[in-house]
1. Please report, in debye to the nearest 20, how large the charge dipole of the stretch 38-292 is about its Cα centre when each Lys and Arg carries +1 at its beta carbon and each Asp and Glu carries -1 there.
2. Work out, in µm²/s and without decimals, the Stokes-Einstein translational diffusion coefficient of the chain at 10 °C, 1.306 mPa s, Rh from Kirkwood over C-alpha pairs.
3. Using a cut-off of 16 Å between alpha-carbon atoms, which aspartates and glutamates can reach LYS327, once sequence neighbours fewer than 8 places away in the same chain are excluded?
4. Just going by the charge dipole of the stretch 36-153, with Lys and Arg at +1 and Asp and Glu at -1 on Cβ, which of PRO127, LEU59, ILE114 is farthest out on the positive end?
5. Using 18 Å as the cut-off for backbone N distance, which residues of the stretch 337-353 belong to the label zone defined by a point 7 Å from the Cα of GLU16 along Cα→Cβ?
6. What are the principal axis extents of the Cα atoms in the stretch 1-151, in Å, biggest first?
7. Any idea what the relative contact order of the chain is, in percent, if you count C-alpha pairs under 8 Å spaced at least 6 apart?
8. Where Lys and Arg each count +1 and Asp and Glu each count -1, what net charge lies around TYR103 among other residues with Cβ under 13 Å from its Cβ?
Amino acid sequence: MDIKAVRDAFPILHQEVNGHPLVYLDSSATSQKPVQVIDKISEYYRGYNSNVHRGVHTLGTHATDEYEGAREKVRKFIHANSTQEVIFTRGTTTAINTVAVSYGRENVGEGDEIVITPMEHHSNIIPWQQLAKATGATLKYVPLQADGTILLDDVEKTVTENTKIVALAHVSNVLGTINPIKEVAAIAHKNGAVILVDGAQGAPHMNVDVQDLDCDFYAFSGHKMCGPTGIGVLYGKKSLLNEMEPVEFGGEMIDFVNLYDSTWKELPWKFEGGTPVIAGAIGLGAAIDFLTEVGLDQIVEHEHKLIEYARKQMEQVEGLTIYGPEKRAGLITFNLSDVHPHDLATVLDAEGIAVRAGHHCAQPLMKWLEVSATARASFYLYNTEEDIDRFVQGLQTTKEYFGDVF
């Protein structure tokens, strides 16, 4: 991978922050956008801004072709069987909530079980809490091992014939844990349950084949994979989506409306009520083009090298605690002695280094870790070993600043 060519594609990286060249290590929160994506969105607004599906004029036809073309790019990217299985949403959160409401309310009842893990993002906890409260179902958790992984034996013990839904992250946004989705899916299906995968941290960083994983639903966001904010994807098996009711009603998703009843369009449009996020979908298509051109395999290899290098360098910093397993995706969550993560992030920001600090929308996991907050450095295809060197030097600067706690 030509890292210089990759970095040159991201205009935001070529600036100074607080008098220092920017080192951006917060891609798990949101990734930066290459010029190809920025230009594609600008092209839409400048050249063929129009609503989709409804018009027969030239601009509307062009916009529709680009919008539906982006859906086909998503289908190829995740290896879905059909574009009917690709629903555009506002993001991962909306996608998960759609399943919890549409599928969950019809298929989960009193005495049933919903199984998740303590490592989940709040977006993959709260919808299931609400579903359990509304239906009388029981919410169960697969226990975590000391390194923040799960054992398939524990999944076997937790998932029973009463389990209706299993939901878990492909990759933990805190620990970097890569979960064995295919194996968990097999356990879920053996017990008659469906499985939803929160792919917000998975789709941007690895090859995803939803058919090989045999997941029933897969949710992810565009803004974490070089695309714009406000656009995401819900993949669902066609057989399941066909049986589900829409959760938003209005224009675009209807077939026919009379005074007292209505019918819905076929998939995928019955789940896309109202004017869709047209520019967002087109921008996501451009992001997929960019990632595909760079190569997912090359991105995976690059991130693996970065995480290995970062871990070795960080382990030399006295007083540093790293959370999560040895084998992980491209992020490291940590604490530095008694320095509060917000204070650490503030000192790093003064050095032009952007990291995330807080509970990372994973408060149950923070409780499991027995901390109130952590700092997180997350890497992507545009980061370099030089970025890591600057980051580690920033940690040393933080130690000097808070010398009395060491």
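1. Values: 20 positive and 32 negative charges, 91 e Å.
My answer is approximately 440 debye.
2. On the way: Rh = 22.3 Å.
Value of D from the Cα-based Kirkwood radius: 71 µm²/s.
3. Reachable aspartates and glutamates: ASP147, GLU301, GLU303, GLU308, GLU315.
4. LEU59
5. In the stretch 337-353, the label zone of GLU16 (backbone N under 18 Å from the point 7 Å along Cα→Cβ) covers 348-353.
6. So the extents along the principal axes, rounded to whole Å, are 55, 51, 29.
7. Relative contact order here is 23 percent.
8. Numbers: positive: ARG105, LYS164, LYS237; negative: GLU106, ASP112, ASP216, GLU243, GLU245.
Once positives and negatives cancel, what remains is -2.
Quick note: the coordinates plus some simple rules give every number you see, no bench work behind them. These numbers come from a predicted model, not from an experiment. Note that we place each Cβ from the backbone using ideal geometry, even for glycine, and neighbour counts take in every protein chain shown.
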